[in-house]
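The values are calculated or read from the model by the stated rules, or taken from the named source; none is laboratory data. A quick note: this is a predicted structure, and the numbers were derived from the prediction, not measured. All Cβ positions, even for glycine, are placed from backbone atoms using ideal geometry, and neighbour counts span all protein chains on display.
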Amino acid sequence: MSDWTEQSSQTYRDIADVAVPRRQEMTASLIAAAPFGAAEPLKIVELGSGDGRLAEALLTVFPRATLTALDGSESMRAEASRRLALFGDRARVAAFDVAALDWWDRMFGADLIVSSLCLHHLNDAKKQYLYKAAAERLSPRGALLIADLIDPQHPASRTLAADQWDAHARQQADALGAPDLYQRFLAERWNHFRFPHDMDKPSALFHHLIWLRHAGFTSVDCCWLNAGHAVFGGFKQAGASAAPLRADS
Ligand SMILES: C[S@@+](CC[C@H](N)C(=O)[O-])C[C@H]1O[C@@H](n2cnc3c(N)ncnc32)[C@H](O)[C@@H]1O
C-alpha cells in the first residue's frame with residue numbers, strides 16, 4: 001500500500017478533525033453534489049474510505065443506497081466496519097490497493113463513486129487511467145465525486161493554500177479546546193504545501209477537470225475549494241442547464 005502505513009492511519013485518526021480544513025463543509029459539499037434524489041436506490045463505491053465517516057453520511061442521506069467501502073489499511077477497515085455495522089448489508093467493507101487494477105470491476109454498475117483524501121497517492125498517469133476506468137464502469141446516470149488535495153500552480157496560490165491550511169488547523173484545534181492537536185499537526189509536518197512528501201502527488205485542479213472530460217464525463221465541475229483542498233468530479237449525464245443569470249437579477 002504505497003508509503004501509507006498503519007502508523008499513518010493512527011496519526012490521521014488522531015488529528016483529522018484539526019488537520020482537514022473545514023472537514024464537515026467539504027464532506028457536505030461532496031454529498032450535495034451527488035445528482036440523485038434522497039429516495040433513489042443507489043449503488044455507491046468509496047475509494048479510500050478510512051474510518052467510514054463519509055460512508056456513514058452517504059448511507060444516512062440516501063437511505064435506499066448500498067455502499068462498498070474500500071481501503072488498504074486494516075485498522076481503517078476495522079473502524080469503518082464498526083461504524084457502518086448499523087447499516088447491515090447496505091454496507092460492505094473490503095481491502096484494496098488504489099494503485100492496483102484488480103479491484104476496478106467493483107465499480108461496474110455503480111451510480112456514484114466517491115473518494116476523500118486518497119487519490120492524491122496516485123501519480124498523474126494512474127489518476128487518468130482510474131478516471132477512464134470509472135467512466136466506463138459507472139451506470140449511465142453515474143458520477144465520480146472527489147474531495148482531495150490539489151496542486152496550486154502559482155507560488156502565490158501555494159503560499160495562500162499553506163497559510164490557510166495552518167490557520168484552519170489552529171482555529172479547529174482552538175474550537176475543540178485541543179491546542180495540542182495543532183502542535184501535533186505541526187510536528188507531523190502534515191501541511192503538504194510546506195512539507196511535500198513523496199507519497200503525496202496532488203495534481204492541478206485544471207488537469208483533473210481535463211482528465212475527467214477526456215475520460216468521458218459529460219459535465220465536470222469544482223464545487224468547493226479551500227486551503228488547497230477541493231471537491232470536484234465528473235457527471236456522465238449533462239443534466240438540465242440552469243437558466244442564465246439576468247443582469248438585473
Ligand atoms: C487521509 S486518509 C482519508 C480517509 C477518509 N477517506 C477521510 O476522508 O477521512 C487516506 C486513506 O487512504 C488510504 N490509503 C492510502 N494509500 C492507499 C493505497 N495505496 N491503497 C488503498 N488505500 C490507501 C488510507 O488507508 C486512508 O484510509
Residue among 161, 133, 173 that alone is surrounded by fewer than 21 Cβ atoms within 10 Å (Cβ to Cβ) and either free of Cβ contacts under 8 Å to residues at least 12 places away in the same chain or part of a helix (DSSP H, G or I) (or both): 133
Scan (1) touching a Phe, Trp or Tyr at 6+ places or on another chain (Cβ under 9 Å); (2) under 17 Å from residue 212 (Cα atoms); (3) within 11 Å of the ligand (Cβ to nearest atom) for the single condition residue 117 breaks and write down its number. (2)
Kindly indicate the residue of region 1-15 that is buried (at least 18 other Cβ atoms within 10 Å of the Cβ) and within 13 Å of residue 190 (Cβ to Cβ) and also nearest to the ligand (Cβ to nearest atom) among those meeting that condition. 12
Being under 16 Å from residue 226 (Cα atoms), within 11 Å of the ligand (Cβ to nearest atom) and of a type outside the set (Ser, Thr, Tyr) is the filter here; which residues of region 17-57 pass it? 17, 19, 20, 23, 26, 30
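Conditions (1) of a type outside the set (A, V, I, L, M, F, W, C); (2) more than 16 Å from the ligand (Cβ to nearest atom), marked per residue:
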site	(1), (2)
135	no, yes
171	yes, yes
179	yes, yes
201	yes, no
Residues to consider are 193, 235, 206; find the one that is among the aromatic types (Phe, Trp, Tyr), buried (at least 18 other Cβ atoms within 10 Å of the Cβ), more than 19 Å from residue 8 (Cβ to Cβ) and touching a residue at least 40 places away in the same chain (Cβ under 8 Å). 235
Near pairs, Cβ below 8 angstrom, 6+ apart or cross-chain, from region 5-25 (of a type in the set (Phe, Trp, Tyr)) to any residue that is exposed (fewer than 13 other Cβ atoms within 10 Å of the Cβ): none
State yes or no: is residue 96 modelled with pLDDT of 95 or more and away from the ligand (no atom under 11 Å from the Cβ)? no
Inspect region 191-199 for any residue being among the aromatic types (Phe, Trp, Tyr), under 20 Å from residue 120 (Cα atoms) and under 20 Å from the mean Cα position of the chain (by Cα) and give the result as yes or no. yes
Candidates 128, 153 - the one that is surrounded by fewer than 16 Cβ atoms within 10 Å (Cβ to Cβ) and of a type in the set (S, T, N, Q): 153
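Based on what the data block shows, is residue 100 in a loop (DSSP other than H, G, I, E, B) and without any contact (Cβ under 8 Å) to a residue 24 or more places away in the chain?
Details: in a loop (DSSP other than H, G, I, E, B): yes; without any contact (Cβ under 8 Å) to a residue 24 or more places away in the chain: yes.
So residue 100 passes the test.
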